[in-house]
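Notes to accompany the following structure.
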Amino acid sequence: MSESRSGEGAVLRSELPLEFLHGGKVRDVYEVDEDTLLMVASDRVSAFDVIMGRPVPRKGEVLTLITAWWMAQLDGRVSHHLLAVDPDVIVERHPRLAASRAQWARRSMLVKRTRPVLVECVVRGYISGSAWKEYRRSGTLAGEPLPKGLQESQRLDPPIFSPATKAQEGEHDENITFSQTREILGAELAGRLRDLSHEIYAFGRDVADTRDIILADTKFEFGHDRDGEVILIDEVLTPDSSRFWPKEHYAVGRGQPSLDKQPLRDWLDTLVDWDKTPPAPPLPDDVVAAISTRYQDVFRRLTGVSLDDYALPHFGETP
Ligand SMILES: Nc1ncnc2c1ncn2[C@@H]1O[C@H](COP(=O)(O)OP(=O)(O)OP(=O)(O)O)[C@@H](O)[C@H]1O
Ligand SMILES: [Mg+2]
């Protein structure tokens, strides 16, 4: 398959001949039929919640195939929404997607459509980001008191389930306590999602550790399928849904370099007059190239194979 392997044809905004349902910061979601969605990862890149004006070649492909790589390992352990990622299989199931194949192949997942649970299931194994802010302010995480004297980026043992409500567009997710989660979802579902989230996080953390990557924290989403079963949805254990820290640069007491976005952050830091609100500054060619290379490096470091040599996994059997 030669599609999108050249690195050309980067996509800022997809335009497929399907009903468009949702556009996030990175992904575009389309309806394929009543029970099926196509989730297309564009090559958009954001920093400080602001989308940059230029696409990063192969970034969407990396994000989609990292999710597929994890889902293949979770297959049989955790029920999930991924039906197919191999473009041949997707076209076989939905022949009308053949004509637009070049626009979506390798960057898209065919998934079972669900009714998403309205709580984002975050697990934190290290204290960083909004959790560090909450702790500094009030000594708590997800409303629960933590030991005194923790330092930024310190390991949390055991990891902590710290859910958040899904924000409306343009707003930030809001961290909530476990008892608020229980009120929203009911005790049984809340407990189930907490246990599942811990289990998948621990699995991901241990795998990442063998690649000298610290999986500092991550966010899962779940949804109810047509039969009412709760399944894992969305992207899984990607650099967009998680903090991946290179082990060799880890030190407690400060923020950590980012395995994926560091070239972008470093360049943005050189700008004195951008106030971190839209419009984004125009990315120079060499910065776009550096970010693209970095994402491909993350794929190789995590999976052990290059993006071009990766054999696309298959899921389930019958449609
Ligand atoms: N199997 C599924 N069934 C139904 N909805 C799904 C499924 N998988 C993922 N989703 C939803 O699709 C959307 C994906 O959008 P995306 O993550 O790109 O944007 P977002 O979450 O709105 O914003 P952000 O850019 O901040 O992540 C999410 O709302 C997610 O809950
Ligand atoms: Mg999202």
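Nothing in this text is a laboratory measurement; each read-out follows from the coordinates by a stated rule. Quick caveat, the model's predicted, so the values are computed rather than measured. As a convention, Cβ positions derive from the backbone with ideal geometry for all residues, glycine included, and neighbour counts pool all protein chains shown.
For the range 258-319, the list of trypsin sites (Lys or Arg not before Pro) that fall in a loop by DSSP and count at most 16 other C-beta atoms within 10 angstrom reads LYS276.
Between ALA98 and LYS247, what is the label-to-label distance in nm when each label sits 7 Å out along the Cα-to-Cβ direction? With each label placed 7 Å out from Cα toward Cβ, I get 4.8 nm.
Taking the chain as a Gaussian network, where each spring joins two C-alpha atoms under 10 Å apart, which residue of GLY125, GLY191, GLY253 fluctuates the most? Result for the chain, Cα springs under 10 Å: GLY253 fluctuates most. All C-alpha to C-alpha distances of the chain, sorted into 20 Å bins beginning at zero, yield P(r) values of 31, 61, 8 percent in whole numbers. Think of the range 1-124 as a dipole: +1 on every Lys or Arg Cβ, -1 on every Asp or Glu Cβ, centred on the Cα centre; then among ALA99, VAL40, LEU18, VAL40 lies furthest on the positive end.
Candidate cross-link partners of LYS25 among the lysines, defined by an alpha-carbon separation under 30 Å and a same-chain spacing of 8 or more, comprise LYS59, LYS112, LYS133, LYS166, LYS219, LYS247, LYS261, LYS276.
Around the amide H of SER46, modelled in the peptide plane, lie the amide H atoms of MET52, all under 5 Å away and 5 or more residues distant in sequence or on another chain. Scalar couplings 3J(HN,Hα) for the range 131-148, obtained by applying the Karplus form with A = 6.51, B = -1.76, C = 1.60 to θ = phi - 60°, are 5, 5, 4, 4, 4, 5, 6, 10, x, 10, 9, 6, x, 9, x, 10, x, 6 Hz; x denotes Gly and Pro. Annotation: amide H-H contacts under 5 Å for GLU174 (H modelled 1.01 Å from N, sequence separation of 5 or more, or interchain): THR165, ALA167. With an a/c value of 1.5 or above and a/b not larger than b/c for the gyration tensor axes a ≥ b ≥ c computed over the alpha-carbon atoms, the range 21-73 is described as oblate.
For the range 217-276, the residue among PRO239, VAL272, VAL252 whose Cα projects farthest onto the positive side of the dipole built from Cβ charges is VAL252. Can you pull out the trypsin sites (Lys or Arg not before Pro) in the range 129-209 whose DSSP state is coil and whose Cβ has at most 14 other Cβ atoms within 10 Å? Passing sites in the range 129-209 are LYS148, LYS166. Of all stretches in the chain that contain no GluC sites (Glu not before Pro) in a DSSP loop with at most 14 other Cβ atoms within 10 Å, the longest one is 35-168. Placing unit charges on the Cβ atoms only, positive for Lys and Arg and negative for Asp and Glu, gives the chain a dipole magnitude near 700 debye about its Cα centre. Taking 0.36 nm per residue of separation and subtracting the current Cα-Cα distance, fully stretching the chain between ASP297 and LEU12 would add 100.5 nm. Diffusion of the range 159-278 by Stokes-Einstein, at 4 °C in a medium of 1.567 mPa s and with Rh set to the Kirkwood radius over alpha-carbon pairs, works out to 77 µm²/s. On full extension, the segment bounded by ASP273 and SER79 gains 65.1 nm, given 0.36 nm per residue less the C-alpha separation. Sequentially through the range 152-157, phi angles give Karplus couplings (6.51, -1.76, 1.60; θ = phi - 60°) of 4, 6, 6, 5, 9, 10 Hz, Gly and Pro residues having no value and appearing as x. Springs between alpha-carbon pairs under 10 angstrom, Gaussian network model over the chain: which of LEU37, LEU189, LEU97 fluctuates most? Of LEU37, LEU189, LEU97, the most mobile in the Gaussian network model is LEU189.
With only Cα atoms counted, the range 210-319 has Rg and Dmax values of 17.8, 56 Å. Mean residue ellipticity at 222 nm, helices only, the chain: -9500 deg cm²/dmol; runs of at least 4 DSSP H residues each add -39,500 (n - 2.57), and the sum is divided by the number of residues. Each of MET109, MET71 was scored by other Cβ atoms within 10 Å of its Cβ. Listed from fewest to most, they are MET71, MET109.
Taking THR270, THR218, THR303 as the candidate residues, the one with maximal mean-square fluctuation in a Gaussian network model of the chain, Cα springs under 10 Å, is THR270.
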